[in-house]
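Worksheet: the structure to be examined is printed underneath.
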Amino acid sequence: MTASVKFVYCHKCKELRVKPWYSMRARCARCRADAREISVPRTTLSFVTYGLIAEVLGTVFIYTRTDESIFLYAGIAGLVATFVVQAIEISRGERVARSRIRATKSDAVAFRKRGWL
């Protein structure tokens, strides 16, 4: 297991996407061309996300055993918190990955359309 989140940058489409965990090769999801893989190190928020997922599973399991609705509400709150933390972590990773992409003069127009420059 590697200690990084991977992004895929396609030179043809000028798109940056999160690489699926099940993907063996770095390929563009749109045009299927070979793409560049960019690794971004994980931060504490990645591990907070893992903890929140465990919390959601635990509280829902306890809810099914005890039928106390407070555990169900805690699981739903944990799920919402997981989505928020994960969105923050992915946006941070995209910023880091974008900073590692070297723009050429021919790429400048496409990058400006996307708001990267």
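List of remarks:
- The order of the peptides 34-41, 94-101 by mean Cβ neighbours within 10 Å, most packed first, is 34-41, 94-101.
- Residues in segment 55-91 that a label on Arg30 would reach, taking backbone N under 20 Å of a point 7 Å out along Cα→Cβ: 91
- Helix axis angle, 69-99 relative to the chain longest principal axis, alpha carbon, degrees: 20 degrees
- Sites Val18 and Arg65, calculated FRET efficiency, Cβ-Cβ separation with R0 41 Å, nearest 0.05: 0.70
- The mean accessible area for residues of the chain, using a 1.4 Å probe and ignoring ligands and nucleic acids, is 69 Å² per residue.
- Accessible-area composition of the chain, carbon plus sulfur, in percent [1.4 Å probe]: 62 percent
- Under conditions of 20 °C and 1.002 mPa s, the chain yields 130 µm² s⁻¹ as its translational diffusion coefficient, taking Rh as the Kirkwood radius over Cα pairs in the Stokes-Einstein equation.
The values are calculated or read from the model by the stated rules, or taken from the named source; none is laboratory data. Just so we're clear, the structure is a prediction, and the values are computed from it rather than from any experiment. Glycine also receives a Cβ, built like all others from the backbone with ideal geometry; neighbour counts cover every protein chain displayed. Just the protein is used for accessible areas: all its heavy atoms, side chains included, with ligands, DNA and RNA removed. Shrake-Rupley method; radii C 1.70, N 1.55, O 1.52, S 1.80 Å.
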